[in-house]
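Asks: Mind looking over this structure? Questions follow.
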Amino acid sequence: MSTTSTVKDRVEALVELYRDDVAPIVALGDPVLRRKADPYDGQLDGDLLTEFVELLRRTMLAAPGVGLAAPQVGVPLRMAVMEDPATVDEEVAEARERYPLEFFAALNPSYEAVGRTRRGFYEGCLSMPGYTGVVNRALKVDAVYTDLTGERRKRALSGWQARIFQHETDHLSGVVYVDKLEPRSLATSVNYTNRWADPVPTKAARELGFHLD
């Protein structure tokens, strides 16, 4: 059986099994999260692609999360969905430059940092629930991807939107956020909520002894 047939069969099975539900999210330790995903080159026909994207979106929103890559449901294709209502208070929104990101699906995404400015904030991953850690990421990126109409798009993203795009695109290269985090920042979600949920993790950096760009 060809790789294309295997991927298509996997997606068809997922869509059929979870047509009115959400797909299970693959947990860290599964090899699919550590391999480079295959480029999307039409393995899924129009209707199947649409149904799969809708499944990814349902699964992301139910988690809840602001992004989900295809490998996180066991499909090694270079595609991801992203959406952020940014329901945070004004102080957090301003400190983290976190503003609403309308839903979109990205096929074969890539990014390049714009400038050298980086910011460190706590982030988590749906494939590693219960933990969070600080990742220093580029503040601004040029994001490139193909949309669902087949149009190649380029977007300038900054702040939290840039962070989401970097996180999800990294997944497609077999990279999980724990590979990039400041090791001493790693915390349980409970400890983060109780101790370190400041708009900017300056206190956490000082007391836990990690670096903020």
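Asks: Every residue in the stretch 75-95 that is part of a loop (DSSP other than H, G, I, E, B) and in contact (Cβ under 8 Å) with a residue 24 or more places away in the chain, please.
Replies: VAL75, PRO76, ARG78, ALA86
Asks: Take the residues in the stretch 168-211 that are surrounded by 13 or more Cβ atoms within 10 Å (Cβ to Cβ) and acidic (Asp, Glu), then tell me which one is farthest from the chain's Cα centre (by Cα).
Replies: ASP198
Asks: Restricting attention to the stretch 56-73, report how many residues are open to solvent by less than 10 Å² (accessible area, probe 1.4 Å) and within 19 Å of PRO109 (Cα to Cα). Break it down into steps so the answer makes sense when it comes.
Replies: Keep residues of the stretch 56-73 that are open to solvent by less than 10 Å² (accessible area, probe 1.4 Å), which gives 56, 59-60, 67-73.
In the following step, the residues that additionally are within 19 Å of PRO109 (Cα to Cα) were identified as 56, 60, 67-73.
Count: 9.
Asks: Right, here's the next one. Return the residues of the stretch 163-196 that are free of Cβ contacts under 8 Å to residues at least 24 places away in the same chain and assigned to a loop (DSSP other than H, G, I, E, B); say none if nothing qualifies.
Replies: Within the stretch 163-196, VAL175 is the sole residue that qualifies.
Asks: Right, another one. Would you be able to tell me the number of residues in the stretch 124-142 that are in a strand (DSSP E or B) and either open to solvent by less than 40 Å² (accessible area, probe 1.4 Å) or in contact with a His (Cβ under 9 Å, 6 or more places away or on another chain) (or both)?
Replies: Here is the first cut: in the stretch 124-142, the ones in a strand (DSSP E or B) are 131-138, 140-142.
Now restrict to residues that are either open to solvent by less than 40 Å² (accessible area, probe 1.4 Å) or in contact with a His (Cβ under 9 Å, 6 or more places away or on another chain) (or both): 132-138, 141.
Total satisfying the criteria: 8.
Asks: Right, another one. Among the numbered criteria (1) of a type in the set (A, V, I, L, M); (2) touching a Ser or Thr at 6+ places or on another chain (Cβ under 9 Å); (3) over 30 Å from LEU48 (Cα atoms), which one does VAL178 miss?
Replies: Result: VAL178 passes all but (2).
Asks: For PRO76, which of the numbered conditions (1) open to solvent by less than 60 Å² (accessible area, probe 1.4 Å); (2) within 19 Å of GLU151 (Cα to Cα); (3) more than 13 Å from the chain's Cα centre (by Cα) fails to hold?
Replies: (2)
Asks: For the stretch 44-74, give me each residue that is touching a residue at least 40 places away in the same chain (Cβ under 8 Å) and part of a loop (DSSP other than H, G, I, E, B).
Replies: ALA63, GLY65, VAL66, GLY74, listed by residue number.
The values are calculated or read from the model by the stated rules, or taken from the named source; none is laboratory data. Because the structure is predicted, anything quoted here is derived from the model rather than measured. No Cβ is skipped: glycine too gets one built from the backbone with ideal geometry, and neighbour counts run over all protein chains shown. Quick note on the areas: whole protein, heavy atoms, side chains included, nothing else; ligands and nucleic acids left out. Shrake-Rupley method; radii C 1.70, N 1.55, O 1.52, S 1.80 Å.
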